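Undergrad: Below are the C-alpha cells for one structure; questions will follow.
Every number here is computed from the coordinates shown, using simple stated rules; none is lab data. Everything numeric in this text was worked out from a predicted model, so none of it was measured. So basically every Cβ, Gly included, is an ideal-geometry build from the backbone, and we count neighbours across all protein chains shown.
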C-alpha cells in the first residue's frame with residue numbers, strides 16, 4: 001500500500017482571486033509581510049500497488065486527466081509512505 | 001429534428017431549456033439522463049446550467065466523465081450540434097470539447113444579473129438568426145465564468161474566429177477591464193466560444209431564460225430558434 005498526497009494549486013502566472021482575498025484577510029488580521037497566497041486543494045490517496053514508480057505514474061495520469069485542470073492549475077505529487085501488506 | 005437536454009444530478013436549467021425548445025419553439029425535445037450511454041438519436045444536444053455533480057472538484061469536471069458524455073463526444077466528432085449553457089459550457093471545457101478553462105469570478109462573488117453581449121460571428125448554425133455586431137441582453141448566474149487560457153492559445157482562438165460572444169456595453173463597445181461590463185473578468189471579455197468546426201458552442205449567459213415577453217426579455221430566442229432551424233431539412237424552416 002502506498003500513501004500519497006497530491007496538491008493542486010493555480011498556476012503561478014495566473015491571478016488567483018481566492019488566494020489574493022485570503023492574503024488580504026491575513027494582512028487585515030495583522031500578519032505582516034504576507035506577500036502572496038495561493039489557494040489550492042490537497043488529495044490524500046492510498047494506492048494498492050507495490051512499486052513507488054508505478055504509483056507515481058498512475059498519480060501523474062490522475063492529475064493530468066482529472067485532479068488538475070492543467071490549463072489553469074499545476075500539481076505536485078508526494079509519496080508519503082509505503083506499508084507492507 | 002430532436003433536441004436532447006442532458007440531465008446531470010444537480011442540473012437546474014434543464015426544464016427551462018426543455019420549455020424553450022418544446023413549448024416556445026415547438027421542437028421535439030427529450031431529456032437525456034447522465035447515466036445513459038446513448039443520446040437516443042437527438043440532433044441537437046444541450047448541456048444545461050446548474051451544478052452538475054455539485055461542482056465537486058471543479059465545475060463540470062465530474063460531469064465531463066459521465067457515461068452520456070462519451071455519446072455526446074461521438075456526436076460532436078461526427079459534426080452534430082452541441083450547445084453548452086453556463087454549467088454546460090464548463091462541462092464542455094472540462095470534456096475538452098472546447099479549449100480553455102474557467103476560474104472564479106474576479107470579485108469572488110456569484111453573479112446573478114443581466115449582461116450585454118456582442119455577437120462576433122453569424123456564420124454558425126447557432127447564430128444564423130443573429131447579426132454580427134448585434135447586442136443582446138441576457139442574464140448570467142455563475143461563480144466561475146472567468147474564462148482563461150494561455151495568451152498564445154487565446155491568440156489562436158481569435159485567429160480561428162472561435163470567439164462567438166463577448167461581454168460589451170449597451171452600444172456594443174468592448175472593455176475587458178471594465179468590471180461592470182465584463183463582471184466575471186473573463187479574458188478578452190469572452191462570453192462564448194465555438195470549436196474549430198463550429199458545431200460546438202458554449203456560453204455563460206442563459207438564452208433559455210430570455211425567450212418570452214412574459215419573462216421580460218426575449219433576446220435569447222433568436223439564438224435557440226436559429227439553432228433549431230439550422231437542423232430542419234431545407235424548405236421546412238419556419239419563418
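Undergrad: Based on alpha-carbon centroids, what's the gap between segment B:148-166 and segment B:12-31 in Å, whole number please?
TA: 31
Undergrad: Under the definition of partner shielding as Cβ atoms of other protein chains within 10 Å of a residue Cβ, what is the mean value for peptide A:64-74?
TA: Average per residue, whole number: 5.
Undergrad: Same structure again: Does segment B:173-216 come out rounded, prolate or oblate, given a ≥ b ≥ c as the square roots of the eigenvalues of its C-alpha gyration tensor, rounded meaning a/c under 1.5 and, failing that, prolate meaning a/b above b/c?
TA: Oblate.
Undergrad: Find, to one decimal place in angstroms, the Kirkwood hydrodynamic radius of segment B:43-99, where the mean of 1/r is taken over every pair of different Cα atoms and then inverted.
TA: 11.0
Undergrad: Only helical DSSP H runs with n ≥ 4 go in: add -39500 (n - 2.57) per run for chain B, normalise by residue count and round the 222 nm mean residue ellipticity to 500 deg cm²/dmol.
TA: That calculation yields -5000 deg cm²/dmol at 222 nm.
Undergrad: Okay, next question. Could you check what % of the DSSP bridge pairs in chain B are antiparallel, to the nearest 5?
TA: 60
Undergrad: Pull out the extension gain between residue B:158 and residue B:218, defined as 0.36 nm times the separation in residues minus the alpha carbon to alpha carbon distance; nm, one decimal.
TA: That pair, residue B:158 and residue B:218, stretches by 18.7 nm at full extension.
Undergrad: So what are the three principal axis dimensions of segment B:103-239 from its Cα atoms, in whole Å, longest to shortest?
TA: Sorted largest first, the three principal extents are 47, 38, 24 Å.
Undergrad: Starting from the Cα of residue A:42, step 7 Å along the direction of its Cβ; do the same at residue A:26; then give the gap between the two resulting points in nm.
TA: So the two model labels end up 1.4 nm from each other.
Undergrad: Any idea what the relative contact order of segment A:2-82 is, in percent, if you count C-alpha pairs under 8 Å spaced at least 6 apart?
TA: 53
Undergrad: Please arrange B:38, B:127 by counting, for each residue, the other beta carbons lying within 10 Å of its beta carbon, fewest first.
TA: So the residues, fewest neighbours to most, are B:38, B:127.
Undergrad: If one computes P(r) from the Cα atoms of chain A, what percent of pairs lie at distances over 18 Å?
TA: Tail fraction, whole percent: 52.
Undergrad: Just rank B:6, B:46, A:37, fewest to most, by other beta-carbon atoms within 10 angstrom.
TA: Lowest count first: A:37, B:46, B:6.
Undergrad: Something else now. Among B:104, B:137, which comes first, then next, by fewest other beta-carbon atoms within 10 Å?
TA: B:137, B:104
Undergrad: Per the helix-only calculation at 222 nm, which mean residue ellipticity applies to chain A, given -39500 (n - 2.57) for every DSSP H run of n ≥ 4 and division by its residues, nearest 500 deg cm²/dmol?
TA: -8500 deg cm²/dmol
Undergrad: Continuing with the same structure: Considering all projection directions equally, how large on average is the shadow of the alpha-carbon convex hull of the protein assembly as shown, in square nanometres?
TA: Mean orientational projected area (the protein assembly as shown, Cα hull): 19.4 nm².
Undergrad: Taking every eigenvalue of the Cα gyration tensor of chain B, multiplying by 5 and rooting it, what semi-axes result, largest first, whole Å?
TA: 24, 21, 17
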